[in-house]
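The values are calculated or read from the model by the stated rules, or taken from the named source; none is laboratory data. Small disclaimer: the values here were computed from a predicted structure and weren't measured. Glycine also receives a Cβ, built like all others from the backbone with ideal geometry; neighbour counts cover every protein chain displayed.
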C-alpha cells in the first residue's frame, strides 16, 4: 500500500516546544528542539531558561521529529501482523523507515538494518551472533556498551589507550599480527570518544582490520549526531547508534551492516516475529531483519530515527558540523582562559573532535561543581566516569576504588578530582547557553558556591533544597 503523508496538526505540538527562534534561516542558527524554552527554578531563588549541555547522554528531541511522530500517532497500529488499514500503514511506515536509515548510513545493497533499543542493545545483539571461536579486539578507551558485551561470547584482547591516531593503527596492526589467525576476528572501535569527543581514525583502522582478515564494528553513538557516517565510505562491516543521541528519544537504536553472521545466529530474542513456523517440538526461524526483531516493533522509535535522519540531511550535515566546530572552539577558548580548569585529552588539544569536553577544576570535587552549575545557574552537565571507567581513571590518574562522594571544595588534594565534569552540545544549542556556562564556571572558581551540598543516594544535591521534589513540576 502507499504510505500516507502525515500532516501535523497545531494541537499536536508539544506544550514545551519552542517555536523556531528568530533567524533560524541563518546557517549558523540552532535547529528547533522541544524544550528549548523550558525554565527551571534556582536554589538561590528565581528561575532561568534551562541550558541543556548533556547532549552526549541524551539529546533533546528535534521539533521536526516531534511533529512527525505527533502527526503519525492517530494512525498508530500493530506492525507486520495486522489486517487492518492502520496496521498495514504502520508496517509500511516501519519498513520505509528502515530504508531511510539505510540510505542515511550509506548501506550496501546486501546490508541489513535492525532496529534495537540503542547502541548497547545493538552491540549485545552482535556479540550474541558471533560465530564460535571469535576473537574480539577492543581499545580500553571504549564506552562500556562497546567494552563489555564481548566478554560473554568471545575471547577478548584489550588494547591500551593510544596517544595518537598513528599509535591506534599501529597498536591494532601489531595485535592482529600477533594473534592466532584461525577463526573469526572482530575489531570494535568508537567513532568519537564519549569522554573527550576526539575522533578515532575509523577508516584507517578498518583498512588494518580487513588486511588481517578481521571485521570491524563502529560504535557511532557519539559520531552520528555530528558527522556523516557511511558504511561504504568508512568501509566498516557494522555500525551501531542510538536514537536518543540523534535527537529522536523514543527508545530505539540501530545495528546496520553485514547479514551473514546475523543470519547464521540464533535469534537474539525468541518469540513472535522471529519465528516462521512453530510446533510442539520444533521451530523454524525467520530470515532477514525479522530474525532479530522479535516482539512488537517500536514503530514510533523507528519512525523518529528516520525523521531525524531526514531532518539532519535537509539541514546539511556539513553546515551543522561547521557551526558546532565554531561553538566548540569558542567553548574551549573560554575554558582555557580559566587556569584552574584542566580539560582531558587522549590525542592532544589539536585533535579533531565532536562537541564533547570533559574537564576537572582544581580545588573542586567534580560532582559538587556539576551540582552547583545545575542548582545555582540552571545548567545541565554530567559528572562521573561516563560509563568509560578505564579511560577516565587513566586520564585522571585515579584509583580503581576511588570514592565519588561530592565532599567539600577543600578536600585533600588526592581526593578532589576522582571523577570529571562533561559538557556536550549539538545542533539545538544556542550560543548563549555556552557563554552562560563559561561565565558560570569562571564565577564558581572565583567566588565559590553559594549553597552547601551533600551526597544523597549517590547524587550530589543541595542541602535543604527549597525547590521541593520533582512532583512540584506536575510530572510525577
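So residue 93 fits all but one of (1) without any contact (Cβ under 8 Å) to a residue 60 or more places away in the chain; (2) over 22 Å from the mean Cα position of the chain (by Cα); (3) not assigned by TED's automatic domain parsing to the domain that holds residue 427; what number is the exception? Single failed check for residue 93: (1). Scan the stretch 202-211 and tell me whether some residue there is under 18 Å from the mean Cα position of the chain (by Cα), crowded, with 16+ Cβ neighbours inside 10 Å and in contact (Cβ under 8 Å) with a residue 24 or more places away in the chain. Yes, there is a match, as at least one residue in the stretch 202-211 is under 18 Å from the mean Cα position of the chain (by Cα), crowded, with 16+ Cβ neighbours inside 10 Å and in contact (Cβ under 8 Å) with a residue 24 or more places away in the chain.
For residue 321, the stated conditions hold: it is part of a helix (DSSP H, G or I), under 17 Å from residue 427 (Cβ atoms) and either in the same structural domain as residue 443 (by TED's automatic domain parsing) or modelled with pLDDT of 95 or more (or both). Report yes if residue 196 is at pLDDT 95 or above and buried (at least 24 other Cβ atoms within 10 Å of the Cβ), otherwise no. Judged against the criteria, residue 196 is a match. Taken over the stretch 99-135, residues that are in a loop (DSSP other than H, G, I, E, B) and either touching a strand residue (DSSP E or B) at 6+ places or on another chain (Cβ under 7 Å) or within 22 Å of residue 185 (Cα to Cα) (or both) amount to 13.
Evaluate the following for residue 175: is it at pLDDT 95 or above, more than 19 Å from the chain's Cα centre (by Cα) and not in a strand (DSSP E or B)? Here the answer is yes, as residue 175 does meet what is asked. Residue 33 satisfies every condition listed in (1) at negative phi; (2) surrounded by fewer than 22 Cβ atoms within 10 Å (Cβ to Cβ) except (2). Sub-7 Å Cβ pairs linking a first residue in the stretch 386-402 that is closer than 13 Å to residue 344 by Cα to a second residue that is modelled with pLDDT under 65, at least 6 apart or interchain, are 393/400, ordered by first then second residue. Does residue 158 satisfy the criteria of being without any contact (Cβ under 8 Å) to a residue 60 or more places away in the chain and either out of contact with any helix residue (DSSP H, G or I) (no Cβ under 7 Å at 6 or more places or on another chain) or in the same structural domain as residue 424 (by TED's automatic domain parsing) (or both)? Here the answer is yes, as residue 158 does meet what is asked. The combined condition, being within 17 Å of residue 380 (Cα to Cα) and at pLDDT 95 or above, is fulfilled by residue 420. Suppose the filter is closer than 30 Å to residue 75 by Cα, without any contact (Cβ under 8 Å) to a residue 40 or more places away in the chain and not in a loop (DSSP other than H, G, I, E, B); does residue 284 pass it? Judged against the criteria, residue 284 is not a match.
Return yes or no: is residue 301 modelled with pLDDT of 95 or more, assigned to a helix (DSSP H, G or I) and either over 30 Å from residue 71 (Cα atoms) or not assigned by TED's automatic domain parsing to the domain that holds residue 223 (or both)? No; evaluated as a whole, the condition is false for this residue.
Residues in the stretch 347-377 that are surrounded by 23 or more Cβ atoms within 10 Å (Cβ to Cβ) and assigned to a loop (DSSP other than H, G, I, E, B): 4 in all.
Does the stretch 212-220 contain at least one residue that is over 17 Å from residue 126 (Cβ atoms), in contact (Cβ under 8 Å) with a residue 40 or more places away in the chain and surrounded by 21 or more Cβ atoms within 10 Å (Cβ to Cβ)? Scanning the stretch 212-220 turns up no residue that is over 17 Å from residue 126 (Cβ atoms), in contact (Cβ under 8 Å) with a residue 40 or more places away in the chain and surrounded by 21 or more Cβ atoms within 10 Å (Cβ to Cβ).
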